[in-house]
1. Select, from B:ILE39, B:ILE21, the only residue that is more than 21 Å from B:LYS79 (Cα to Cα) and either modelled with pLDDT under 95 or assigned to a loop (DSSP other than H, G, I, E, B) (or both).
2. Counting only residues that are buried (at least 18 other Cβ atoms within 10 Å of the Cβ) and modelled with pLDDT of 90 or more, which one in the stretch A:296-315 is nearest to B:ASP188 (Cα to Cα)?
3. Report whether or not B:ILE27 is at pLDDT below 95, in a strand (DSSP E or B) and within 13 Å of ligand 2 (Cβ to nearest atom).
4. Can you name the residue in the stretch A:236-256 that is in contact (Cβ under 8 Å) with a residue 60 or more places away in the chain and out of contact with any Asp or Glu (no Cβ under 9 Å at 6 or more places or on another chain) and, of all such residues, is nearest to ligand 1 (Cβ to nearest atom)?
5. Condition (residue is within 16 Å of ligand 5 (Cβ to nearest atom) and among the aliphatic types (A, V, I, L, M)) applied to the stretch A:195-214: is it met by at least one residue?
6. For the stretch A:242-278, which positions are of a type in the set (Val, Ile, Thr) and at the interface with chain B (Cβ under 10 Å from one of its Cβ atoms)?
7. Which count do you get for residues in the stretch B:114-151 that are charged (D, E, K, R) and closer than 23 Å to B:VAL94 by Cβ?
8. Given the conditions (1) within 16 Å of ligand 1 (Cβ to nearest atom); (2) under 18 Å from the mean Cα position of the chain (by Cα), and given that B:ASP181 satisfies all but one, which numbered condition is not satisfied?
Amino acid sequence: MGDNLISVNNVSVNFDYQENFISKKQKIHAVNNINIKIKKGSFFGLVGESGSGKTTLGRAILGANKISSGNVIFHDDERDYDLTNMNKQDLKEYRKKAQLIFQDPYAALSPRMTVRDIIAEPLEVMKITNSRQETDERVRDIAAKCRLNIEHLRRFPHAFSGGQRQRISIARALVSNPKFIVADESVAALDVSIQADILNLLKQLQVELNLTYLFISHDLSVVAHVCDVVAVMYLGHIVEMGPSRELFKNPKHSYTKALLSSIPSIDPEKRSEAIELKGEIPSALNPPPGCVFRTRCPNPGIDCKGGEIKMGLTEVEPGHWVDQCCAL
Amino acid sequence: MSHLLEVKNLDVKFDTDEGRITAVENISFSVDQGEVLGIVGESGSGKSVTAKSIMQLNPGNTSYNEDAEIILDNENVLKFNSKQDLKKIRGGKVSMIFQEPMASFAPAIKIGAQMVEQLLIHKNINKEEAKSTSINMLKRVGIADAEKRFNQYAFELSGGMRQRAMIAMALSTMPKLLLADEPTTALDVTIQAQVINLIKDIIKEYQMGVIFITHDLGVIAQVADHVAVMYLGSVVEKGPVNEILKNPKHPYTKGLLQALPDINNLDAPLSPIPGNIPSPLDRPTGCVFRTRCPHHNPEGKDGKIEMKLIEVEPSHWVDQCGIQCGQNG
Ligand SMILES: Nc1ncnc2c1ncn2[C@@H]1O[C@H](COP(=O)(O)OP(=O)(O)OP(=O)(O)O)[C@@H](O)[C@H]1O
Ligand SMILES: Nc1ncnc2c1ncn2[C@@H]1O[C@H](COP(=O)(O)OP(=O)(O)O)[C@@H](O)[C@H]1O
Ligand code: SF4
Ligand code: SF4
Ligand SMILES: [Mg+2]
Ligand SMILES: [Mg+2]
């Protein structure tokens, strides 16, 4: 286990679904049989289209979603936490160690809270500090690390720009001194000129505070720049995973290739080289049998059509995993 | 030849409780038939306000300057105030598509009924013809089962399909000018590629003029013929797309390009533009970009310089301070 912080073993997450009370109960297959290891100190990227299950998987790893089958192990220095088997005390400790960066903290928080109170809230809720003075010290300390102006702590959130808000959001996630951070679309709402600043801050904090990230994003260019390992999700499955540079230079899976080619090139002379995918991601209520990408695959093999293919990753280069049927 | 659309010296101001906001200041540009003008800029730069001015959709607290002109098909839209005239620019000669397609559809009316109603207002045709035009248009934008979708509500469609239906509705009246305000921003890249290709095909087919608004320079590179770069209500640079993206002159345009993570160059550091976009209530005097410009010299004259575009290469216009300030900003 040594250098892994998180092991996700055969994890599936299903949600019950019933259109109305007379129709039959169905299952939404949000996350299917996922296996990943997140190394200590890594910036692990998770990409894929809307509805592919990124948030659901991230929340499952935080213990915020039930896990329908499989397990998630958090390897702390002294001991392991099995997320599917934790008592109240364990859960309390785990909450301090694993945190989520909200996309926009003000969407969720009272506009009447000052920035100081927003950042301090996790400390108070989790009863981490013993006095107001100690709380203030921790808040000031983390605010400075996130390059927030100390004067701003007394202000109310509404006056801040997107970039400043995001720094507040990061400070709030880091104040409990966590080891693992899930950043779910943390720069999606920011303007490009500000986005780079927040990404650089996340990188810097990673080194300074020994953090490990699960970085969820739909923006492949951003992921390519900040992540060292990337997993590509489609309809609840990881279809390809590998070291970021290798994966972006040498994509193997049809879906990864299509996704990469869809990024609009900044060069006006390179127009429409996109491998156009027909249609949209199917509903997670009725995923296609066999390869889940089959209904949109631009060049399915003869074997792929039958729907009998069994999905599962196979290693094609050291650390580079591809769904077995597409690896051939 | 006269342009399909010509915007001249447009200011747009809003009166609010906190004071008067300058959302757009002294901008000028033109669009020809069959041409796509991309307007790029970060949030709050005045892109949507500009588009809405063309359809007179800005709210009651808006004021335009006396000498501004928005000439569409040889008529000044800003002088329109009769219902008859406004009809011409709202769904007649001009149509608009949005980031959020639900903004175009009334939730309680079926898609087909809305398309038919719009056609009956703007075109001299009967109900049957309007229905077949609508269904053909739904087919044209790639909606399978168009007859079935015609009888559905917008919320019953998936995201990508709704976007297509909105485009179909906007195009069914055959506008001369299409205003597309971030139509692909909320979409996945794969669906974005589909929608971009669709819009490009349709422009070619119908030879309409298009203003394509986005904050994504990659999208601009893929769709636009000409580009106007906006910052805090001003156009700081404009010109042919190749020129602007490959030979940018203004520090803001250069900064935007450098801040963009380039998937083909993973070794390039990510360089943000320092600072934050000022509130429109604190719009800087002189050069609007000076609070974030790396060349800004506090002792220089950029606080006093009047912003004004000058032509540095054929059709490539840059704010005069933008090129001067390198030396004496
Ligand atoms: N609480 C829930 N109840 C029922 N279905 C859910 C729930 N949460 C997620 N789902 C479904 O699970 C699937 C995966 O959703 P998820 O939000 O994880 O996707 P995502 O990859 O994060 O997408 P996005 O990019 O839009 O954030 C979707 O089909 C979604 O509708
Ligand atoms: N009705 C309004 N009243 C007051 N201010 C407005 C109004 N509409 C837009 N604004 C302001 O005008 C500026 C430009 O807005 P907008 O055109 O929507 O920007 P963009 O579309 O480029 O993001 C912003 O500062 C915005 O807050
Ligand atoms: S397994 Fe077949 S259908 Fe699936 S992605 Fe690969 S080639 Fe396409
Ligand atoms: S005038 Fe000065 S501050 Fe403005 S863009 Fe030019 S160099 Fe920068
Ligand atoms: Mg999500
Ligand atoms: Mg806008």
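1. Of the residues listed, the single one that is more than 21 Å from B:LYS79 (Cα to Cα) and either modelled with pLDDT under 95 or assigned to a loop (DSSP other than H, G, I, E, B) (or both) is B:ILE21.
2. Across the stretch A:296-315, the extreme among qualifying residues is A:ARG296.
3. no
4. A:GLY236
5. Yes, the stretch A:195-214 contains at least one residue that is within 16 Å of ligand 5 (Cβ to nearest atom) and among the aliphatic types (A, V, I, L, M).
6. Listed by number, the residues that qualify are A:ILE263, A:ILE266, A:ILE275.
7. 4
8. Evaluating B:ASP181 over (1) within 16 Å of ligand 1 (Cβ to nearest atom); (2) under 18 Å from the mean Cα position of the chain (by Cα) leaves (1) as the failure.
The values are calculated or read from the model by the stated rules, or taken from the named source; none is laboratory data. Since the model is a prediction, treat every value here as computed from it, not as a measurement. No Cβ is skipped: glycine too gets one built from the backbone with ideal geometry, and neighbour counts run over all protein chains shown.
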